[in-house]
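Data first, discussion second: the structure below is written as structure tokens.
The values are calculated or read from the model by the stated rules, or taken from the named source; none is laboratory data. Keep in mind the model is a prediction, meaning the values are calculated, not measured. Cβ atoms come from the backbone with ideal geometry, glycine included; neighbour counts cover every protein chain shown.
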Amino acid sequence: MALIGRLIEQIEQGGSTLVISGEPGIGKSALLEAARHRASEHGISVLSMTGVLAEVHLPFAALEQALRPLMKRAAGLVPRQRSALRSAFGMQDDSGAPDIFLVALATLALLAESATHEPILLVADDAQWLDQATYDVLAFVSRRLSSDPIVLLVAMRDGFNRSFGDASTLRHRLLGLDDADSERLLDAHGLTRVRSWGVHGITNVIPSPVLHRETLGRATGALYRGLCAVDRALAATRAGRALANSLVVLAVKGERRAPAPTSCQAAR
């Protein structure tokens, strides 16, 4: 998050692209959401797209999702670029497929013009499932942001044979918490991790930490909500990997007993 924070704080000095990678559930989407919040606090406009497996065959589907808030400004584009972009989004009749180079130029011009009014954070989550046309346009744009106040964040899963950017592109791979970091996170929330005997088994998976039934009996109100928050935070990491084939319990420090909510949803 420190790296993203620096990119956002220095956005007026020029644009940049950061590719975030990692295993499913490692916390990429949570990091992007934190980046959106940080950008909004700095008065930066946020545009987002998300790759969806069901739409991977639909050209420009994700690009349309991101640029929709800016399309009123498309009237200022040069005619050929405007026509190509509107055709790509099905906003005008055109017998042929749009020229992807013109669409990419139009996208860059639209972003650059909009960024003169306020800086832009462009976020692409699950980029491994972006349709190919959007992917190509985004790659084109990513190589031409240095002179504009635009930050592009791209998150994609490991294991996909799909590269993004070039040698100059910033990259960061998210790693899970090791055992010591897991302990510190639990301690920071007033919890301690202990091993259990025969309550839950964890085998070759990356699990959400297990909340033991007896533990829940001692957790109520705000304390229980905090317990659930830690559970969600750790579930977004690979903390469980360090405990593979072991048993995990979160125990509350203290002995206050009261009926526990039946689920984290009930405790909210």
Q. Do we find that D166 is surrounded by fewer than 20 Cβ atoms within 10 Å (Cβ to Cβ), in the same structural domain as V19 (by TED's automatic domain parsing) and closer than 20 Å to I4 by Cα in this structure?
A. yes
Q | Every pair of residues 6+ apart whose Cβ atoms lie under 6 Å, when the first sits in the range 106-127 and is in contact (Cβ under 8 Å) with a residue 60 or more places away in the chain and in the same structural domain as A35 (by TED's automatic domain parsing) while the second is polar (S, T, N, Q) and not in a helix (DSSP H, G or I) | A | E118/S45; I120/S45; V123/S48; D125/T50; D126/T50
Q: With a cut-off of at least 1 residues that are of a type in the set (V, I, T), name the helices (runs of 4 or more DSSP H) lying wholly within the range 1-104.
A: 2-9
